[in-house]
Each structure stands twice: as structure tokens, then as C-alpha cells.
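Read-outs: derived from the displayed coordinates by stated rules, not from any lab. Keep in mind it's a predicted model, so treat the numbers as computed, not measured. Note that each Cβ is placed from the backbone with ideal geometry, even for glycine, and that neighbours are counted across all protein chains shown.
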Amino acid sequence: MTAASMVAFSAAGFVSAFAMPRIATEDGGTSRESLWRMGAYVVALLFYALALEPLGFVAATILSVAAILRFAERYSWLVTLAIAVGAAAACHVLFGVWLGAQLPIGTLWERFR
């Protein structure tokens with residue numbers, strides 16, 4: 001219930017902010033462009049939350065980080081893939097190996113066995 005109300009209020013705030021006129025920001029962009037970037041982050045993080053169990057930690061992390069870097073931050077594909085794979089590998093080593101956390105391996109992959 002709390003999560004649903006947070007999503008509803010966030011969506012209402014996003015819609016009302018998107019309807020506002022364009023205002024120049026310090027970096028030369030407009031507030032509307034900033035809202036698109038913020039929307040890309042929200043969509044990527046929502047995807048990550050929903051895809052973590054079916055895809056597993058590594059695949060969901062790579063896809064989410066790649067989406068953020070490519071569509072919100074506008075990195076090239078080469079840099080995006082290098083950072084996404086490196087971040088997923090580093091997080092897997094840190095949490096899975098060193099700290100011994102149980103990371104989801106994904107239910108989708110069981111169908112291919």
C-alpha cells in the first residue's frame with residue numbers, strides 16, 4: 001500500500017512538473033530534458049526491481065546500468081557496455097564472493113537446463 005501510494009504521488013509530481021514551461025538549467029539544458037533523464041532513471045530502476053528475481057543479479061544489473069548510462073547519461077555503446085559489465089562483476093565479487101550474500105541467480109535460466 002505504501003509503495004503504491006509512493007508511485008502514485010511520484011507519477012503525479014512527474015506529470016505536473018512535465019506540464020510546466022521549459023526553463024533553462026545551469027548546464028544549458030531545459031527542465032524538460034532533466035525530467036526525461038529522471039524518467040529514464042525511474043524506468044530503469046523499476047525494471048531492475050521487477051527483473052531481479054527472474055533474470056538474476058548479474059543480468060538485471062547489466063541491463064539496468066546499461067539503460068541508465070546509454071539513455072539517461074548518453075554514453076557511447078562501448079563505454080556503456082564496459083561500465084555495465086564491470087559494475088556487475090565488481091558487485092558480484094564484493095557481495096557474492098567477499099561478503100557471502102545470496103544473490104538471485106534467476107528463475108528464467110532454470111527453463112534452459
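Details
- For the range 84-96, 3J(HN,Hα) per residue [Karplus equation, 6.51 cos²θ - 1.76 cosθ + 1.60, θ = phi - 60°, Hz, x = Gly/Pro]: 5, 5, x, 5, 5, 5, 5, 5, 5, 5, 5, 7, x
- Only the Cβ atoms of Lys and Arg (+1) and of Asp and Glu (-1) were treated as charged; on that basis the dipole of the range 32-113 about its Cα centre amounts to roughly 160 debye.
- One chain, two ends: residue 78 and residue 7. Fully extended at 0.36 nm per residue, the span grows by 22.2 nm beyond their Cα-Cα distance.
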